[in-house]
Structure formats: structure tokens, C-alpha cells
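Notes follow the structure.
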Amino acid sequence: PAVTSPCKILKCNSEFWAATSGSHHLGAEEAPEFCTALRAYAHCTRRTARTCRGDLAYHSAVHGIDDLMVQHNCSKDGPTSQPRLRTLPPGDSQERSDSPEICHYEKSFHKHSATPNYTHCGLFGDPHLRTFTDTFQTCKVQGAWPLIDNNYLNVQVTNTPVLPGSSATATSKLTIIFKSFQECVEQKVYQAEMDELPAAFADGSKNGGDKHGANSLKITEKVSGQHIEIQAKYIGTTIVVRQVGRYLTFAVRMPEEVVNAVEDRDSQGLYLCLRGCPLNQQIDFQTIRSAQATEGRARRKGPSLPAPPEAFTYETATAKCREKLPVEDLYFQSCVFDLLTTGDVNFMLAAYYAFEDVKMLHSNKDKLHLYERTRDLAPGNMAPMGTHPTLWVALLCLSQCWLCLL
């Protein structure tokens with residue numbers, strides 16, 4: 001069954017934007033109409049306040065309403081009926097292409113120095129995490145968790161159970177907050193949920209606002225309802241969000257300098273993209289996969305849980321994943337794992353697109369694939385993350401030669 005968020009802040013945001021698009025170009029005589037829409041917006045947020053208590057986009061909207069009320073000298077008392085819909089006039093700020101140099105990361109911060117070192121983080125499937133340091137983990141992390149938290153942006157995901165009573169979870173909600181930055185961008189919130197992948201920020205805009213460098217932050221819709229890309233040139237960052245089946249995937253390319261831009265590193269313990277999942281939230285991928293191969297489905301440690309769908313055996317899951325992921329790396333193994341735990345073929349596509357995003361975003365093309373161990377090693381003999389199987393074959397041969405010499 002679908003898990004639907006009771007928080008309806010996205011609906012409030014879209015209704016307000018639809019009613020006021022382009023109103024900042026109107027004359028003073030239209031101000032009462034804007035205030036009417038603003039009061040309707042405030043009324044909508046109050047109706048959903050209880051269910052949105054822990055929602056970042058909700059709190060951002062509430063503060064934004066208060067600011068707009070003051071800026072436009074709006075009374076909190078008055079009519080709240082929605083005014084007529086408007087269309088975006090020609091020459092709106094979203095069409096601007098000029099940006100000051102400070103709003104282009106490579107031009108402003110690295111004009112006379114080496115090209116910045118870019119890092120990648122991704123989250124997909126049941127869920128699987130690839131950190132900025134190329135560590136690969138399979139985690140439980142049910143509920144809301146921070147992926148990124150630095151001086152420039154915050155990213156939070158919410159993971160919900162895929163099946164009733166199961167510990168298999170997937171990402172059902174994603175919130176990204178871009179913090180206001182000099183003359184480049186205003187604070188912007190992007191929020192996606194299952195079956196709702198907007199091609200705009202929560203306020204309906206598609207760029208960084210009305211500042212001169214607003215176009216240094218821009219959303220592009222690649223595939224309607226399935227794939228969006230956010231370019232934040234002022235911090236050299238690219239974010240890809242997809243909806244695959246009913247769940248979301250996340251991938252980011254970010255300069256190392258931006259990754260580490262935090263006020264207090266000691267407070268970043270739950271920053272998953274940087275630190276990984278807490279130990280008590282990690283799943284022993286090796287043990288689970290061994291159980292999959294012998295039993296035909298995954299069984300996680302802990303209390304007995306309802307058996308996952310029997311749509312796939314280990315052999316059929318392996319064959320299915322090989323259709324899209326011919327290299328048997330950790331993305332391939334994650335695909336097999338997810339098919340056996342969920343029975344949903346969309347998790348195969350999630351692993352496939354996650355790797356496609358790695359190919360596009362990772363700066364080191366020699367580190368695209370990650371391996372856990374060679375297939376012919378005995379269970380329990382694990383190779384370090386990121387080590388290619390051929391290296392271990394070479395090391396094994398060298399060790400045999402050394403024994404012969406002895």
C-alpha cells in the first residue's frame with residue numbers, strides 16, 4: 001500500500017504561486033489582491049500545521065508568509081478568496097541569463113588556482129548509500145534523516161517501509177533547502193514526494209529568485225514526473241532527483257570545499273553523505289546476500305518478519321539485474337538484494353539509474369564501480385570497498401610465488 005504524507009504544504013505553495021505569479025510586476029492598485037492571496041496561503045498552512053510540524057518546507061513557508069505580510073503591508077484580517085490566475089509576463093527574472101562572477105563557483109573561487117576536487121553522494125533503493133568518500137552501505141534509516149548539512153544547503157530524506165511489517169525501506173520524501181547566498185540567490189526550498197516530483201521550487205519559481213545572479217540556481221525537468229536536475233552554479237553543485245516506480249533516488253556532485261563548509265564539524269554526526277549511516281542502522285550486506293543465495297530470498301537479523309514477495313528467486317533476480325547492470329559490482333548486488341526483499345522490478349531500475357548518475361556526476365571515471373569481494377573467495381573473506389577483483393587475483397598469485405620461494 002502507498003504511504004502518503006498527510007502534510008499538504010506543497011498544495012498550499014502551488015495554490016499561492018498559481019494565484020500570484022508575476023504579481024511583483026503589478027501596480028500598487030493590485031496590492032489588495034496579493035494580500036488576499038497571502039491570507040489564503042496563511043490559512044492553508046494553518047490547516048495543515050499539525051501534520052506538518054516536523055516539515056522543513058512548512059516552516060520555511062510560515063516564515064516566508066510573515067516576511068511578505070510585512071513587505072506588502074498586508075493585514076492579517078480580511079478576505080481570503082483566491083484571486084484570478086496569472087501568467088508569467090515576458091522578461092521575468094526566470095529568463096535572465098546574466099550572473100555576476102561571484103555566482104559562478106569555478107570563476108569566482110578558483111580563478112587563479114587548480115580545478116576543484118568534486119565528490120559524489122547517492123541514495124537509492126532499499127536504501128543504498130554511496131558517501132562522498134566512496135563508501136557503500138546498505139541501511140535501514142527509517143523516518144527522516146539528514147543527507148547533507150553545510151553552510152550552503154540542507155538535504156533531508158524520509159524513508160518509509162516498502163511492505164507492512166518489513167524492515168525494507170525506501171525514500172518517499174526529499175527536502176532540499178538552498179540557503180540565501182550574497183547577491184546570487186534567495187533561500188529556496190525544493191520538496192518531492194511519492195507521485196509528486198515538481199519541476200519547480202516550493203514557491204513555484206524555477207531559479208534563485210529576484211537577485212541579479214538568480215540564474216545560477218536553476219531547475220530543469222528532464223523527464224516529466226520522473227527526472228529533474230538542479231544546477232547550483234554558485235556552489236559548483238549538481239543535484240539529480242528521480243522518481244523510479246513510487247520511490248525517489250538522489251544523487252549529487254559537489255566540490256570538496258563545499259562539502260566541508262560547516263560551522264561545527266562535531267555537530268555533523270548524522271550527515272549521512274559525509275559520515276555514512278550509524279552502525280546500528282547498517283545492514284550486513286555480505287551476510288544477507290549469502291542467505292539470499294541459499295534460501296532464495298533475504299532474511300534480515302532480528303524478529304521474524306513477513307516473507308517478501310516470491311516473485312524472484314536468487315537465480316531469476318540475478319538474471320534480471322544482469323539485463324541492465326552487466327558488471328557484478330555493488331550496484332548489481334544491490335539490485336539483486338532489492339528484488340528479493342521487495343519483489344518490485346522498479347528497484348532494478350533504481351539501481352540502474354543510480355549508476356547512470358554516477359557515470360555523469362563522479363569526477364574519477366576509474367572509481368565508478370565499487371566491489372566488495374571477488375566471487376571465488378570464501379564467505380567472510382571480504383575485500384576493502386572499491387577494490388577491483390583482478391587486484392586480489394594478482395595478490396593471490398604473488399602470495400603463492402612467495403610461498404614457493406620459501
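Within 10 Å, count the other beta carbons around each residue, average over each peptide in 324-332, 68-76, and list them highest first.
Output ranking for 324-332, 68-76: 324-332, 68-76.
Between Lys324 and Arg275, what is the label-to-label distance in nm when each label sits 7 Å out along the Cα-to-Cβ direction?
3.2 nm
Sort the following peptides by mean Cβ neighbour count (other Cβ atoms within 10 Å, averaged over residues), highest first: 40-50, 193-203. List each step's numbers first, then the result.
Details: 40-50: 16.5, 193-203: 18.8.
Averaged packing, sorted descending, gives the order 193-203, 40-50.
With θ set to phi - 60°, apply the Karplus curve 6.51 cos²θ - 1.76 cosθ + 1.60 along the stretch 239-254 and write out the HN-Hα couplings as whole Hz, x wherever there is a Gly or Pro.
My calculation for the stretch 239-254 gives 10, 10, 10, 10, 10, 10, x, 9, 10, 9, 10, 9, 8, 9, 10, 9 Hz in order.
Using 1/(1 + (r/R0)^6) with R0 = 25 angstrom and r between the beta carbons of Lys365 and Thr220, what's the FRET efficiency to the nearest 0.05?
Values: r = 24 Å, r/R0 = 0.95.
Calculated value: 0.60.
Rolling a 1.4 Å sphere over the protein heavy atoms, what is the accessible area per residue of the stretch 101-279, to the nearest Å²? The partial results should precede the final answer.
Numbers: 6440 Å² over 179 residues.
It amounts to 36 Å² per residue over the stretch 101-279.
Say R0 is 41 Å: what FRET efficiency, to the nearest 0.05, do Ser166 and Thr115 get from their beta-carbon distance? Provide the component values of the computation, followed by the final result.
Details: r = 45 Å, r/R0 = 1.09.
The calculated FRET efficiency here is 0.35.
For Phe16, what accessible surface area do you get with a 1.4 Å probe? Give it in Å², rounded to 10.
Per-residue accessible area (Phe16): approximately 20 Å².
So for the pair Glu183, Ala49, with labels modelled 7 Å out along Cα→Cβ, what separation do we get in nm?
About 4.0 nm separates the two model spin labels.
Once you've got the Cα coordinates, tell me which of Lys179/Lys206; Lys188/Lys324; Lys218/Lys320 are over 26 Å apart. Provide the component values of the computation, followed by the final result.
On the way: Lys179/Lys206 15 Å; Lys188/Lys324 36 Å; Lys218/Lys320 36 Å.
From the list (Lys179/Lys206; Lys188/Lys324; Lys218/Lys320), the Cα-Cα distance tops 26 Å for Lys188/Lys324; Lys218/Lys320.
The values are calculated or read from the model by the stated rules, or taken from the named source; none is laboratory data. Nothing here was measured: the structure is a model prediction, and the numbers come from that model. Every residue, glycine as well, gets a Cβ built from its backbone with ideal geometry; the counts of neighbours run over all protein chains shown. Note: accessible area is taken over every heavy atom of the protein model, side chains too, but ligands, DNA and RNA are not part of it. Shrake-Rupley method; radii C 1.70, N 1.55, O 1.52, S 1.80 Å.
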